[in-house]
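J.: Next up is a structure, given as structure tokens.
Every read-out reported here was derived from the displayed coordinates using simple, explicitly stated rules and does not represent laboratory data. All values reported here derive from a predicted model rather than from experimental measurement. Heads up, the Cβs are rebuilt from the backbone with ideal geometry, glycines too, and the neighbour counts pull from every protein chain shown.
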Amino acid sequence: AQTVTQSQPEMSVQEAETVTLSCTYDTSENNYYLFWYKQPPSRQMILVIRQEAYKQQNATENRFSVNFQKAAKSFSLKISDSQLGDTAMYFCAFMKLLGSNQFYFGTGTSLTVIP
Amino acid sequence: DAGVTQSPTHLIKTRGQHVTLRCSPISGHKSVSWYQQVLGQGPQFIFQYYEKEERGRGNFPDRFSARQFPNYSSELNVNALLLGDSALYLCASVGADYEQYFGPGTRLTVT
């Protein structure tokens with residue numbers, strides 16, 4: 001079975017500062033993808049960034065980047081130059097490539113950007 | 001292009017009743033997934049359908065069922081509702097790149 005753990009239930013960051021959200025996962029699979037999703041108070045989940053496990057290079061999307069440590073089964077999200085619109089719940093998700101491609105989600109981190 | 005649509009937005013039902021939730025995926029996507037998100041938790045996988053066939057099922061009782069239609073839209077059905085079924089039900093449209101695009105959800109309240 002796959003499990004995803006987000007150990008930071010709540011975090012806050014000053015506007016324009018940098019924050020890192022943690023995620024660890026447990027799996028015996030070798031081929032999988034990892035994702036970070038954002039769920040603002042309006043509740044629609046939005047994809048932030050994804051990482052293929054076979055890629056050694058860390059994914060980046062504008063102000064968002066990840067630190068993927070496959071051996072440690074760690075997948076953290078760094079948000080640079082935080083903006084008020086980044087305030088949301090952030091979910092880490094794991095997907096194995098074999099089978100149903102279902103997502104396994106963590107319990108989420110509530111991020112508040114303080115003006 | 002329209003995104004993922006779900007209906008209804010909100011629903012209030014009584015224990016023991018039946019409910020049907022609907023989802024239309026992004027045009028061109030042939031697969032949908034259903035998730036249940038209880039307040040304060042991450043989404044939990046219920047079903048995935050691809051080309052009208054069930055591709056995966058999560059750890060939910062047989063009261064939960066789903067189907068996918070020829071136009072790739074999908075329905076989630078829940079029978080004999082329990083208070084614990086109160087949650088946000090999310091539908092995701094699955095792209096060829098494995099990314100899942102979520103709809104706004106249906107908020108189900110069981111009283």
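J.: Would you mind finding the longest exposed-site-free stretch of chain A, with exposed GluC sites (Glu not before Pro) meaning DSSP loop and at most 15 other Cβ atoms within 10 Å?
T.: The answer is A:30-115.
J.: Only loop residues by DSSP count here, and only those with at most 11 other Cβ atoms within 10 Å; note down the chymotrypsin sites (Phe, Trp or Tyr not before Pro) in segment A:1-62 that meet that.
T.: Those satisfying the criteria are A:Tyr54.
J.: Hey, got the dipole for chain A? About the Cα centre, +1 on K and R Cβ, -1 on D and E Cβ, debye to the nearest 20?
T.: Taking the Cα centre of chain A as origin, the dipole is about 300 debye.
J.: Rank the residues A:Phe103, B:Phe69 as a footprinting-exposure proxy: fewest other Cβ atoms within 10 Å of their Cβ go first.
T.: The fewest-first ordering by Cβ neighbours comes to B:Phe69, A:Phe103.
J.: Using +1 at the Cβ of each Lys and Arg and -1 at the Cβ of each Asp and Glu in chain A, identify which of A:Pro9, A:Ser28, A:Phe91 lies farthest towards the dipole's positive end.
T.: A:Ser28
J.: Can I ask one more? Under the classification rounded if a/c is under 1.5, otherwise prolate if a/b is larger than b/c and oblate if not, where does segment A:6-115 fall, given a ≥ b ≥ c as square roots of the Cα gyration tensor eigenvalues?
T.: Prolate, because a/c is 1.5 or more and a/b exceeds b/c.
J.: Something else about it: Rank the residues B:Val78, B:Val110 as a footprinting-exposure proxy: fewest other Cβ atoms within 10 Å of their Cβ go first.
T.: B:Val110, B:Val78
J.: With +1 on each Lys and Arg Cβ and -1 on each Asp and Glu Cβ, and nothing else charged, work out how big the dipole of chain B is about its Cα centre, in Debye to the nearest 20.
T.: 380
J.: Grab the eigenvalues of the alpha-carbon gyration tensor for segment B:5-110, scale each by 5, take roots, and send me the semi-axes largest first in whole angstrom.
T.: 22, 14, 13
J.: Divide, for the protein assembly as shown, the radius of gyration over alpha carbons by 2.2 N^0.38 Å, where N is the residue count. Mind showing how you got there, number by number?
T.: Numbers: Rg = 17.5 Å, N = 226, 2.2 N^0.38 = 17.3 Å.
That works out to 1.02 for the protein assembly as shown.
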